[in-house]
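One structure below.
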Amino acid sequence: MYQAAVFELDREKLGARAKAAELAINAHVFEDYQHISRDERADMQRALSALDVLKLEGEKSAVGELKREEKI
């Protein structure tokens, strides 16, 4: 899911893909926290930070689309 979000080219789908990846990572942490290594936790934290950026990009795209529609 993370890769799908990172490589998504359609800005309209970006936010949803990033949110799905975020939910999957958080579910993994919730289900198996005691068995996750420190390195994996650090990797997941970096992934979540990257997903936050992607979600913002998706939101910017949605706002831009609304502004374009208002002009029509």
Mind listing just one residue for me: the one in the range 20-43 that is of a type in the set (Val, Ile, Thr) and part of a helix (DSSP H, G or I) and, of those, nearest to the chain's Cα centre (by Cα)?
Ile25
What pairs can you find where one residue is in the range 1-16 and within 12 Å of Lys55 (Cβ to Cβ), the other is hydrophobic (A, V, I, L, M, F, W, C), and their Cβ atoms are less than 6 Å apart, with a gap of 6+ or different chains?
Ala5/Ala18; Ala5/Ala21; Ala5/Leu54; Glu8/Leu14; Leu14/Leu54
Take the range 8-37 and flag every residue that is farther than 24 Å from Leu56 by Cα and either surrounded by fewer than 12 Cβ atoms within 10 Å (Cβ to Cβ) or in contact with a strand residue (DSSP E or B) (Cβ under 7 Å, 6 or more places away or on another chain) (or both).
Phe30, Glu31, Asp32, Tyr33, Gln34, His35, Ser37
Quick check, is Glu12 at pLDDT 95 or above and assigned to a helix (DSSP H, G or I)?
no
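The values are calculated or read from the model by the stated rules, or taken from the named source; none is laboratory data. Computed from a predicted model, the values in this text were never measured in an experiment. Here Cβ is always computed from backbone atoms with ideal geometry, including for glycine, and neighbour counts include all displayed protein chains.
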